[in-house]
Amino acid sequence: MTQEQIEKAVSLVHDVRYGGLPTHFPSLTAWDSGPLSRAEQSMLWTESLRENPQREAGIYLNIPFCRKKCAFCFLDVKGGSVYEEQEKYILAAEKEMAFFAPVFAEKEISCVYIGGGTPNFLPASLLKRILISLKHYFRIKPGAQISMESNPDFFDEEKAVAVAECGVSMLLMGIQSFSATVNRDNGRAQDVTRIKDAFDLVRRAGIKHINADLLCGLKGQTKKDFIRDVLLLSRLRPTQIHLNRIKPLAGTLPPEIKKELYSWQQAGLEILRRAGYTVLDEESACLDGIRNQQGNYIFHLDNSLLGLGSGAMSHAWGRLRSRNIVSPAEYSESALSGGAFSQLYMKTGIEEELIHYLMNTLLHGVTVMPEEVREKFGAAGEEFFRRKAADMACRGYIEESDGGWKCEMRMQDWLGVTAALYGEEMLERIIRRNGL
Ligand code: SF4
């Protein structure tokens, strides 16, 4: 392996373009091509749930439809779908729910996230149906957070009421920009005059928590436009606000642009701080400590996630990572004809969970204590961590802090920590699989 190959492999690990949180370890780029049979998937999930009764399980449901694909959207979204296509997809997702229902019969689901695409693009009848099916097939814990992505433009009274009646407790609203010109120049079909009405509509329907997104770095957008967006959004008082940096459809942002956009984000967060928000990290802030549970990486370190629908990612703690068939049409076909749901997968064990935990905590700037590692992963886990920590410290990527180890997170630290924790075998696998 050359240094150049290692750097390319590490960039792939961190350069993620799909919905949901990045896995980081083992990254999608290392997984096996499927299909993974239904029987095997069910067996691995059953083992994971039996071996880890104390761990929570969440559900992610993907609805891959949208009115028209925005020019900057990197998700696997189907723009302009018709009712028949959507109905077929919902039927397929119900088949998948029915398949997993017996596996999860004894397990309470502690949170649900419905993403996409934009779920509220579905007509009210289908939206209601899929939400009712989720509750029919799974035991959702009373009071569990049920969050759903949405576009303010796609709400009408019927949909808002349906969503509230079906128990959605947090709506994630993609605003991206309040400027009609910026939206138009970025191929985004959004009537910005409807944003405030949508907030009023869903609040009247009974939804208390709104988690709203803005983007910085859109084509033609100035810092002044972005700051104005932050001010306008803060006046609507959503519970949580994300100020996301644009991600190019291919490649990465040049460092000077990244730096500039980082300064926009910081200026935006300062406005939010002054408006009474608590800043959570370098791109988000919230009111009253309420945040989207599945959007918090900490949930994914200790718990499992069942992904339903096209492209959805699953994590059966200590046993399996998998990704469903990405194309909505192929997923529907396969699910309805008794075929596999998953297209990519990787069987995992406790060591993969340990590395996943170390990567995420270190790369979020959190101090990792050896005792904590021992408590979670036993003496062998602590020994593994101490060995890796000594190696990474020796190369200057992490340093001792209050009896634990911390990463300063400079560019070379990301590279060094990722390469050290991945190890030669896994890096070689990524290099081979991706022809680097
Ligand atoms: S509205 Fe959101 S999900 Fe739909 S195409 Fe635009 S960015 Fe993608």
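Could you identify the single residue in 47, 56, 51, 7 that is touching a residue at least 24 places away in the same chain (Cβ under 8 Å) and in contact with a Cys (Cβ under 8 Å, 6 or more places away or on another chain)?
So the residue among 47, 56, 51, 7 that is touching a residue at least 24 places away in the same chain (Cβ under 8 Å) and in contact with a Cys (Cβ under 8 Å, 6 or more places away or on another chain) is 56.
Could you tell me whether residue 167 is touching a strand residue (DSSP E or B) at 6+ places or on another chain (Cβ under 7 Å), of a type outside the set (Phe, Trp, Tyr) and within 14 Å of the ligand (Cβ to nearest atom)?
When the stated conditions are applied, residue 167 does not pass them.
Which numbered condition in (1) under 28 Å from residue 141 (Cβ atoms); (2) in a loop (DSSP other than H, G, I, E, B) is the only one that residue 97 fails?
All conditions pass for residue 97, except number (2).
Identify, from the list 419, 380, 393, the residue that is touching an Asp or Glu at 6+ places or on another chain (Cβ under 7 Å) and assigned to a helix (DSSP H, G or I).
Within the list 419, 380, 393, the selection yields 393.
Going through segment 45-66 one residue at a time, which ones are in contact with a Gly (Cβ under 7 Å, 6 or more places away or on another chain) and assigned to a strand (DSSP E or B)?
Within segment 45-66, 60, 61, 62, 63, 65, 66 qualify.
Filtering segment 10-44 down to residues that are without any contact (Cβ under 8 Å) to a residue 12 or more places away in the chain and within 21 Å of residue 335 (Cα to Cα), which residue is surrounded by the fewest Cβ atoms within 10 Å (Cβ to Cβ)?
Filtering first and then ranking leaves 39.
Under 9 Å between Cβ atoms, which residue pairs at least 6 apart in sequence (or on different chains) link something in segment 377-393 that is more than 22 Å from residue 52 (Cα to Cα) and assigned by TED's automatic domain parsing to the domain that holds residue 367 with a partner that is among the charged types (D, E, K, R) and not in a helix (DSSP H, G or I)?
The qualifying pairs are 389/400; 393/399; 393/400.
All but one of (1) in contact with a Ser or Thr (Cβ under 7 Å, 6 or more places away or on another chain); (2) assigned to a loop (DSSP other than H, G, I, E, B); (3) crowded, with 20+ Cβ neighbours inside 10 Å hold for residue 305; which doesn't?
(2)
Can you find, within segment 1-44, the residue that is nearest to residue 250 (Cα to Cα) among those that are of a type in the set (Val, Ile, Thr) and in a loop (DSSP other than H, G, I, E, B)? Show your work before the answer.
The first filter runs over segment 1-44 and keeps only residues of a type in the set (Val, Ile, Thr), leaving 2, 6, 10, 13, 16, 23, 29.
Okay, now just the ones that are also in a loop (DSSP other than H, G, I, E, B), so 2, 16, 23.
Working: 2: 24, 16: 10, 23: 19 Å.
Result: 16.
Kindly indicate the residue of segment 125-156 that is surrounded by fewer than 17 Cβ atoms within 10 Å (Cβ to Cβ) and closer than 23 Å to residue 81 by Cβ and also farthest from the ligand (Cβ to nearest atom) among those meeting that condition.
By that ranking, first place goes to 132.
Pull up segment 172-212, narrow it to residues that are in contact with a Pro (Cβ under 9 Å, 6 or more places away or on another chain) and in a strand (DSSP E or B), then point me to the one that is farthest from the ligand (Cβ to nearest atom).
209
Suppose we filter segment 70-87 for residues that are touching a residue at least 40 places away in the same chain (Cβ under 8 Å) and surrounded by fewer than 17 Cβ atoms within 10 Å (Cβ to Cβ); how many remain?
Of the residues in segment 70-87, 4 are touching a residue at least 40 places away in the same chain (Cβ under 8 Å) and surrounded by fewer than 17 Cβ atoms within 10 Å (Cβ to Cβ).
Show the residue pairs that are 6+ apart or on different chains and have beta-carbon atoms under 9 Å apart, the first residue being within segment 114-133 and free of Cβ contacts under 8 Å to residues at least 24 places away in the same chain, the second being in a loop (DSSP other than H, G, I, E, B).
none
What are the pairs, 6+ residues apart or on separate chains, where a residue within segment 176-193 that is over 16 Å from residue 233 (Cβ atoms) has its Cβ under 6 Å from a residue that is within 13 Å of the ligand (Cβ to nearest atom) and part of a helix (DSSP H, G or I)?
Here the result reads 191/153, each pair linking segment 176-193 to a residue that is within 13 Å of the ligand (Cβ to nearest atom) and part of a helix (DSSP H, G or I).
Can you find even one residue in segment 317-325 that is surrounded by fewer than 22 Cβ atoms within 10 Å (Cβ to Cβ), of a type in the set (Val, Ile, Thr) and not assigned by TED's automatic domain parsing to the domain that holds residue 76?
no
Going by what's in this entry, would residue 340 be described as outside any loop (DSSP other than H, G, I, E, B), over 22 Å from residue 13 (Cα atoms) and modelled with pLDDT of 95 or more?
No.
Would you confirm, using the coordinates I've provided, whether residue 115 is within 16 Å of the ligand (Cβ to nearest atom), out of contact with any strand residue (DSSP E or B) (no Cβ under 6 Å at 6 or more places or on another chain) and not polar (S, T, N, Q)?
no
Which condition does residue 310 not pass, out of (1) touching a helix residue (DSSP H, G or I) at 6+ places or on another chain (Cβ under 6 Å); (2) among the hydroxyl-bearing types (Ser, Thr, Tyr); (3) assigned by TED's automatic domain parsing to the domain that holds residue 76, if it passes all the others?
Result: residue 310 fails condition (3) only.
For segment 308-330, how many residues meet the condition of being more than 21 Å from residue 74 (Cα to Cα), out of contact with any Leu (no Cβ under 6 Å at 6 or more places or on another chain) and assigned to a strand (DSSP E or B)?
Residues that pass the stated criteria total 1.
The values are calculated or read from the model by the stated rules, or taken from the named source; none is laboratory data. Note that the coordinates shown come from a computational prediction; the quantities given were computed from them, not determined experimentally. Glycine gets a Cβ as well: all are built from the backbone with ideal geometry, and neighbour counts include every protein chain shown.
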